There are 2 protein chains.
Amino acid sequence: MVQHLYEIRMYEIPMASDEAALTGWLRRAAHIPSHSQLVRGIGDDCAIFRPKNSPEDLLFTTDLLIEDVHFTGRDYSPAQAGRKALARSLSDIAAMGGEPRFCLVSLAVTEQAFGQNRSRWVPAFFRGLLKLAEETGTILAGGDLSHARKVVCDVMVAGAVPRGQALRRDGARSGDEIYVSGRLGGSALGLSTRRGKAWRCHLRPEPRLALGRFARQKLRATAAIDLSDGLSLDLRRLALESRLAAEISLPPRFAGATAEQALHGGEDYELLFTVPPRTRVPAGFEGLAITRIGAMRSGKTGQVLLDGKPLRAAGYDHFNRAW
Amino acid sequence: MVQHLYEIRMYEIPMASDEAALTGWLRRAAHIPSHSQLVRGIGDDCAIFRPKNSPEDLLFTTDLLIEDVHFTGRDYSPAQAGRKALARSLSDIAAMGGEPRFCLVSLAVTEQAFGQNRSRWVPAFFRGLLKLAEETGTILAGGDLSHARKVVCDVMVAGAVPRGQALRRDGARSGDEIYVSGRLGGSALGLSTRRGKAWRCHLRPEPRLALGRFARQKLRATAAIDLSDGLSLDLRRLALESRLAAEISLPPRFAGATAEQALHGGEDYELLFTVPPRTRVPAGFEGLAITRIGAMRSGKTGQVLLDGKPLRAAGYDHFNRAW
């Protein structure tokens, strides 16, 4: 899901006015009573629910994958679409340092979309999804099936973390150092060239589950977010929730990606996390680079400075237009 | 959601062949390891998850509401669509005897769908949804927003029941008596006439949450299901899961509804439950009729007999064609 979408993606829905008022209203309307078992609602990668007497908190996230918005039937095999539908939600679980437990899959398909192959599309879609589910220990627990003009899929994933240990967006403190995994801009580059490693990177994102748990357990990360909509926008979200500003320099770039793609391109699904100053962070984790790109600062809440100059938060919009 | 959809609704998805093979495959592929915290997966109204050390089991269900499949912009106000999107999932929680806790709402909207009113549609949709959420104690915990050619909404609801107490579909025993709430066929009648009480009944279904809890706590119901796709199909589902047959007579009919509408019409969202023989069941609960319509029998698994003759399971298909 990416809970924050209520706050941010509302801007992308074409509306005549009052987006900020609407999103603020939704978050207020979804007010969580103080006695609630819901520890965290709208405003993070996952909602956090605390079962009675349990040593674990549960994480919940849901993400839409829509034909001709998030994928095209021309570019994606059904198995790739199924895999990516699940990967998007797993990435939210990774960002909270969680371990996935089960998923619910709602899928609406259309006769036209599959032409002569309609008897094969749905099983192939689930085969791709279930392969990733098995790799990550996520059990398919149910869902809903229907029909629509375009393929629409919504995947809800439930995960778990030790009680009170979820990596949230609002935990960063001034002075905390900012790290990102991998090299950014690969997915945006792939979308523009439609070939090579970058294109595979776009078609087949890897949820950083092991890294998320490592950041939570070993690095004692203070906050985290997954880079689904672009560094500039996602870091702004984390900074907004933590009521801080962020100062960064250029992040490591995917080979061939422009600075623009690395800063604003979406769907890299790498993790961004913050750690207390002087935390010893290894340069890599399981073959994945981990790079310090800056630090959190007091300042204008939500502002991201790149080499000292304000960086516009252009992630999702930019990316969206590419479709 | 209605987890069983994998088993049954697959039949409604136009496919060249092998529906049964596909659905069987999905349930096998989603095999639940014996040590899993997932107590129940595909095959019931909700998935059941057992948090570590908790006195409560958690219930999870998700349901799609798609424009021109489940509702039309001509017939439904945005608030009615929002309310119904949530009501459908709450009805699954009711069927398990649960208490709703929170929901995630994924919503894709389109510019065209709302014409000049696009700035009002989304807030009005959420206002309808949130009103029912407040009435039922369901907190909006997050979701996802995107765009699509038609409005698509997927609502996941999480609920809770005391550990091991959820009303499942597979708990009925031979000799158990079958009861239904309310009078059936109203929603199908409303859909055909588009007026009066029946139409309001179709536009504004009421999840039977209090009745579900009453059936679980006070009546010690052995099994339950909500009537979302028609009595003939839903009772068949319960009978299949319980590995029994069912013998019924005509259920109570909504004023003006035909026997066909009462037996096969969908979207009444009343509850059907089974209780041990000679259980004292009141004739009504909070103004809602409760009527004995038959009993579970050993016999051909999944078969429903109406006055001794096999009843075809025509619920959803029949209803679906009405759109």
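The values are calculated or read from the model by the stated rules, or taken from the named source; none is laboratory data. Note that this is a predicted model, so its numbers are computed, not measured. All Cβ positions, glycine included, derive from the backbone under ideal geometry; neighbour counts span all protein chains shown.
Assorted remarks:
- Tallying residues that are of a type in the set (G, A, S) and crowded, with 24+ Cβ neighbours inside 10 Å within segment A:161-176 yields 2.
- Consider segment B:23-61 and keep the residues that are more than 7 Å from every other protein chain (Cβ to nearest Cβ) and small (G, A, S). The one that is farthest from B:D226 (Cα to Cα) is B:S34.
- Residues being over 14 Å from A:A172 (Cβ atoms), charged (D, E, K, R) and modelled with pLDDT under 95 are entirely absent from segment A:248-265.
- The listed residues are B:G287, B:G266, and the only one of them that is free of Cβ contacts under 8 Å to residues at least 12 places away in the same chain, small (G, A, S) and closer than 28 Å to B:P100 by Cβ turns out to be B:G287.
- Qualifying helices (runs of 4 or more DSSP H) (wholly inside segment A:214-323; at least 3 residues being of a type in the set (S, T, Y) and surrounded by 14 or more Cβ atoms within 10 Å (Cβ to Cβ)): none
- Tally, over segment A:65-100, of residues that are within 13 Å of the chain's Cα centre (by Cα) and on the phi > 0 side of the Ramachandran plot: 1
- Selection count where residues are crowded, with 21+ Cβ neighbours inside 10 Å, more than 9 Å from chain A (Cβ to nearest Cβ) and assigned to a loop (DSSP other than H, G, I, E, B), scope segment B:62-82: 1
- Wholly within segment A:109-207, helices (runs of 4 or more DSSP H) carrying at least 2 residues that are modelled with pLDDT under 95 and within 14 Å of chain B (Cβ to nearest Cβ): A:111-114, A:118-136
- Selection count, segment A:96-105, where residues are facing another protein chain (nearest Cβ under 7 Å) and either surrounded by fewer than 24 Cβ atoms within 10 Å (Cβ to Cβ) or at pLDDT below 95 (or both): 1
- Scanning segment A:40-61 for any residue that is modelled with pLDDT of 95 or more, touching a Cys at 6+ places or on another chain (Cβ under 7 Å), of a type in the set (F, W, Y) and surrounded by 24 or more Cβ atoms within 10 Å (Cβ to Cβ) turns up at least one such residue.
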